[in-house]
1. Given H placed on each backbone N at 1.01 Å, which residues far from A141 in sequence or on other chains put an amide H within less than 5 Å of it?
2. Over the stretch 13-54, average the accessible area per residue using a 1.4 Å probe and give it in Å², no decimals.
3. Tally Lys/Arg at +1 and Asp/Glu at -1 over every other residue whose Cβ is under 15 Å from the Cβ of S23; what's the total?
4. Each residue of the stretch 39-51 in turn: what ³J(HN,Hα) in whole Hz from Karplus with 6.51, -1.76, 1.60 and θ = phi - 60°, glycine and Pro shown as x?
5. If you add up the charges near A43, with Lys and Arg at +1 and Asp and Glu at -1, over every other residue whose beta carbon is less than 12 angstrom from its beta carbon, what do you get?
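The values are calculated or read from the model by the stated rules, or taken from the named source; none is laboratory data. This one's a predicted model, so the numbers in the text were calculated from it and none came from an experiment. Cβ placement follows ideal geometry from the backbone for every residue including glycine, while neighbour counts extend to all protein chains displayed. Ligands, DNA and RNA are excluded from the accessible area calculation, which covers all protein heavy atoms including side chains. Shrake-Rupley method; radii C 1.70, N 1.55, O 1.52, S 1.80 Å.
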Amino acid sequence: MAEKSFGSNSDADEVQMRIARLSPGQLDCLRLVDQHLSSKEIAAELGISPHTVDQRIRGALQILGVERRAHAARVIATHCGPYQRLIHQSPYIEPQPDPGQSDGAVRIQIRHADRAGEIGLEDLNTEQRSSVRSSLPLPFATRSNPRNEMSIGLRLLWIILIAIGAAFSAGMYLAGLESLARLYTD
């Protein structure tokens, strides 16, 4: 399948007709592809599975008549504009009191979940407050931080720490090999 250039007015009309055939989900996926996000990142952004993202993109490629997802994303960005991100909402939402709910065990757990890690509650560990506290963000995506938005300085720090760890590990490995060699030569 040859990719189309979409240059003249009749081509632009054809592109608009093809874009009109795309579903809103396909458009959202292609707009996020234009922001250089992977299928996993798009899935996290839209709250769907990476498999669904890939299906939507494959269908959009067929409808648009192009072979590469980057080209399809450029076509969409050119003709429809950039993706408008949703307003960020904190993953922790304060529970609203429910007058009809009895004061059962679930309500007590929710009420006391914010005190996890305090004195007397060491064994209680929740996602909102983990018992391990670190001021250094991890160099990979986690559930609480799905997008890696570290500064260049933090990235360099992680590179240095990983290099030191690798050098230390290699040294320990070589020391172990040397000890084994001495053990067998004696």
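1. Under 5 Å from the amide H of A141: no residue qualifies.
2. On a per-residue basis, 53 Å².
3. +3
4. Along the stretch 39-51, the couplings run 4, 5, 5, 5, 4, 5, 5, 8, x, 10, 7, x, 4 Hz.
5. -2
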